[in-house]
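Colleague: Input: one structure, supplied below.
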Amino acid sequence: MANMSIAVIGAGSWGTALSIVLANNGFAVDLLARTDKHKDEINYNHTNHKYLPEIKLPDTILAHADVKEALKGKKYIVLVVPSHAMRDTAKMVKPYISDQTVLIHATKGLDQGTYQRMSEVIHEELPGLPSDQILVLSGPSHAEEVSRLLPTTVVVAGRNISVAEEVQDLFINSNFRVYTNPDIIGVEIAGALKNIIALGAGLSDGLEFGDNAKAALLTRGLAEIARLGIELGANPLTFSGLAGVGDLVVTCTSQHSRNWRAGYMLGKGQNLDAILKQMGMVVEGVKTTKAAFYLSQKYQIQMPITNELFKVLFENKSPKIAVEDLMGRVRTHEMEEVALSEVFKRS
């Protein structure tokens with residue numbers, strides 16, 4: 001498949017990092033940027049300073065500001081846009097989709113209007129594209145490290161194993177290892193909801209509550225993610241894999257994580273609007289907290305961390321009081337709360 005051209009929609013940090021992976025694998029990459037200025041920087045300077053400073057881009061990455069130029073004749077299209085932009089992006093690419101297109105998204109979030117997963121949004125907007133040809137790439141992967149060719153391992157989820165293996169072959173190399181997984185639901189839910197727990201982890205660190213508190217937060221947070229995911233039809237084992245505990249750990253423990261940084265600043269007493277303006281990039285965990293809160297209400301799923309973060313983010317509850325309320329919850333048995341019986345029953 002060498003010398004084939006692949007389209008990547010979204011020239012932020014993650015879209016650019018994945019473009020570097022593909023370019024290093026011998027593919028020509030047509031990368032869609034938002035502005036002519038951004039396009040020209042990538043094409044003439046081979047940099048993307050705002051999102052990946054000090055990284056030199058391969059010259060086989062060609063940026064475009066026109067969607068037709070980027071997508072024309074492409075079999076493989078990678079969507080790397082914020083969750084709130086996915087629906088409009090799917091509509092934008094629709095004229096260039098055929099029944100042979102393989103569409104991979106690498107977005108970790110939920111739709112705000114419907115609380116759908118990203119693959120559901122894509123399928124709804126592109127009904128002519130077989131669901132087997134809609135895949136998700138996820139896992140523990142900071143763009144900053146991927147762009148520096150540091151060892152990274154991710155997962156590609158798709159319903160058809162042969163198509164998933166096609167996509168695996170596009171991305172895999174000695175620095176970027178790719179596993180396949182048929183559980184799209186679990187991979188998407190894990191990738192979206194870990195951002196909520198990362199906000200909480202950053203908040204805990206901002207309050208200087210220490211490693212013990214953060215370890216408990218990650219452990220209980222994984223239980224919340226699995227509880228909702230299982231209810232939606234996910235394979236419980238997904239949450240113990242790369243897309244689950246792997247992505248949770250890396251997002252909750254690294255200062256590369258936007259969600260951790262936003263939570264940290266909340267813990268230090270900063271205002272949410274000011275934090276988001278200062279960061280200048282999407283913090284998916286904020287929107288995902290709202291979506292997951294409403295899903296927990298709809299399905300009557302206990303998600304106490306999500307519930308308390310919702311109150312902090314949208315009801316002005318004190319972060320310190322929220323954590324105290326979490327610690328003061330009615331006592332329960334750990335295994336009962338994790339619902340391990342469900343894991344063994346369904347796996």
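Just so it is clear, none of the values below were taken in a lab; they were calculated from the coordinates. A quick note: this is a predicted structure, and the numbers were derived from the prediction, not measured. Neighbour counts are summed over all protein chains in view; Cβ atoms, including those assigned to glycine, are modelled from backbone coordinates with ideal geometry.
Colleague: Would you be so kind as to identify which of Val121, Leu150, Leu71 lies farthest towards the positive end of the dipole of the range 5-182, taking Lys and Arg as +1 and Asp and Glu as -1 on Cβ and the Cα centre as origin?
Modeller: Farthest along the dipole direction, towards plus: Val121.
Colleague: Now for a different question. Using a Cα-Cα cut-off of under 13 Å, which aspartates and glutamates could be cross-linked to Lys37, ignoring same-chain neighbours fewer than 8 residues away?
Modeller: Asp66
Colleague: Less than 13 Å from a label point 7 Å out along the Cα-to-Cβ axis of Leu150: which backbone N atoms in the range 246-275 qualify, by residue?
Modeller: Within reach of a label on Leu150: 250-251, 253-257.
Colleague: Residue by residue through the range 294-309, what is 3J(HN,Hα) from phi via Karplus (6.51 cos²θ - 1.76 cosθ + 1.60, θ = phi - 60°)? Round to whole Hz and write x for glycine and proline.
Modeller: My calculation for the range 294-309 gives 6, 5, 5, 5, 4, 9, 6, 9, 6, 9, x, 5, 4, 4, 5, 5 Hz in order.
Colleague: Measure nothing fancy, just the Cα-based angle from helix 161-171's long axis to the longest principal axis of the chain, in degrees from 0 to 90, nearest 10.
Modeller: Between the helix axis and the principal axis of the chain, the angle is about 70 degrees.
Colleague: Related question: Note the listed values (i) 16.7; (ii) 17.7; (iii) 22.1, then indicate which one is mean projected area of the Cα convex hull in nm² calculated from this particular structure.
Modeller: For mean projected area of the Cα convex hull in nm², the calculated option is (i).
Colleague: Using helices alone, what [θ] at 222 nm do you get for the chain, with -39,500 (n - 2.57) per DSSP H run of 4 or more residues, divided over all residues and rounded to the nearest 500? Before the final figure, lay out the partial values.
Modeller: On the way: 17 runs with 172 residues, N = 347.
Estimated from H runs of four or more residues: -14500 deg cm²/dmol.
Colleague: Please compute the Kirkwood hydrodynamic radius over the range 5-182, one decimal place, Å, based on all pairs of different Cα atoms.
Modeller: This gives a value of 16.1 Å.
Colleague: Quick check: the distance between the Cα centres of the range 127-169 and the range 241-262, to the nearest angstrom?
Modeller: If you average the Cα positions of each part, the centres end up 18 Å apart.
Colleague: Among Met92, Met279, rank each residue by its count of other Cβ atoms within 10 Å, from fewest to most, as a rough exposure measure. All intermediate terms of the calculation are to be shown ahead of the outcome.
Modeller: Working: Met92 17, Met279 13.
Ranked by crowding around the Cβ, least crowded first: Met279, Met92.
Colleague: So if I place +1 on the C-beta of Lys and Arg and -1 on the C-beta of Asp and Glu, and nothing else carries charge, what would the dipole magnitude of the range 261-300 be about its Cα centre? I want it in debye, nearest 20. Mind dumping the intermediate values first?
Modeller: Details: 6 positive and 2 negative charges, 5 e Å.
Dipole size: approximately 20 debye.
Colleague: Ranked by Cβ crowding within 10 angstrom, fewest neighbours first, how are Ile184, Ile161 ordered? Numbers along the way, then the final one.
Modeller: Values: Ile184 24, Ile161 13.
Ranked by crowding around the Cβ, least crowded first: Ile161, Ile184.
Colleague: How high is the relative contact order of the range 185-346? Use alpha-carbon pairs under 8 Å, at least six apart in sequence, and give a whole percent.
Modeller: Values: 217 pairs, mean separation 50.7, N = 162.
Across the range 185-346, relative contact order equals 31 percent.
Colleague: Excluding Ile6 itself, what net charge comes from residues whose Cβ is under 10 Å from its Cβ, given Lys and Arg +1 and Asp and Glu -1?
Modeller: Working: positive: Lys74, Lys75; negative: Asp30.
Residues close to Ile6 contribute a combined charge of +1.
Colleague: Test of understanding: what is the full-extension gain from Ala65 to Tyr44, defined as 0.36 nm times their sequence separation minus their Cα-Cα distance? If you can, show how the numbers build up before the last one.
Modeller: On the way: separation 21, 0.36 × 21 = 7.56 nm, distance 1.41 nm.
Full extension from Ala65 to Tyr44 adds 6.2 nm.
Colleague: Right, next: Calculated FRET efficiency, Gln278 and Asp99, Cβ-Cβ r, R0 35 Å, to nearest 0.05?
Modeller: For Gln278 and Asp99, the calculated efficiency is 0.20.
Colleague: Only four residue types carry charge here, +1 at the Cβ of Lys and Arg and -1 at the Cβ of Asp and Glu. Report the dipole size of the range 185-346 about the Cα centre in Debye, rounded to the nearest 20.
Modeller: The calculation lands at about 280 debye.
Colleague: Let me ask something else. Starting at the first residue of the range 119-124, write each ³J(HN,Hα) from the Karplus equation 6.51 cos²θ - 1.76 cosθ + 1.60 with θ = phi - 60°, in whole Hz, x for Gly and Pro.
Modeller: 5, 5, 4, 4, 5, 5
Colleague: Determine the alpha carbon to alpha carbon distance for each of Lys72/Lys94; Lys74/Lys94; Lys91/Lys290; Lys56/Lys194; Lys268/Lys320; Lys214/Lys317 and list only those over 22 Å. Don't jump to the answer; show the numbers that get you there.
Modeller: Numbers: Lys72/Lys94 11 Å; Lys74/Lys94 12 Å; Lys91/Lys290 24 Å; Lys56/Lys194 30 Å; Lys268/Lys320 10 Å; Lys214/Lys317 20 Å.
Where the Cα-Cα span goes over 22 Å, the pairs concerned are Lys91/Lys290; Lys56/Lys194.
Colleague: For the ranges 186-192, 117-123, what's the packing order if you count other beta-carbon atoms within 10 Å of each residue, average per peptide, and put the highest first? Write out the running numbers ahead of the final one.
Modeller: Numbers: 186-192: 29.1, 117-123: 22.3.
Going from most to least packed, we get 186-192, 117-123.
Colleague: Now, a different point. Amide H neighbours of Leu31 under 5 Å, at least 5 residues apart or on other chains, H built in the peptide plane: list them.
Modeller: For Leu31, whose amide H was placed from the backbone, the distant partners under 5 Å are Val8, Leu62, Ala63, His64.
Colleague: While we're looking at this one, here's another question. Would you mind working out the magnitude of the charge dipole of the range 5-182 relative to its Cα centre, with +1 at each Lys and Arg C-beta and -1 at each Asp and Glu C-beta, to the nearest 20 Debye? List each step's numbers first, then the result.
Modeller: Working: 17 positive and 20 negative charges, 26 e Å.
Using only the charged Cβ atoms, the result is roughly 120 debye.
Colleague: Right, next: What ranking do Asp325, Asp88 get, fewest neighbouring Cβ atoms within 10 angstrom at the top?
Modeller: Values: Asp325 15, Asp88 10.
With the fewest neighbours first, Asp325, Asp88 line up as Asp88, Asp325.
Colleague: Can you list the HN-Hα couplings for the range 29-41, worked out from phi with the Karplus curve (6.51, -1.76, 1.60; θ = phi - 60°), rounded to whole Hz and with x for Gly and Pro?
Modeller: 10, 9, 9, 8, 9, 8, 9, 5, 4, 5, 4, 5, 4
Colleague: I've got another one for you. May I ask for the angle, rounded to the nearest 10°, between helix 13-24 and the longest principal axis of the chain, with both axes built from Cα atoms and the value confined to 0 to 90°?
Modeller: Helix 13-24 sits at roughly 50 degrees to that axis.
Colleague: Moving to a separate point now. Using the Cβ atoms and a cut-off under 12 Å, what net charge is assigned to the surroundings of Thr180, where Lys and Arg are +1 and Asp and Glu are -1? Mind dumping the intermediate values first?
Modeller: Values: positive: Arg159, Arg177; negative: Glu165, Glu166, Asp169, Asp183.
Once positives and negatives cancel, what remains is -2.
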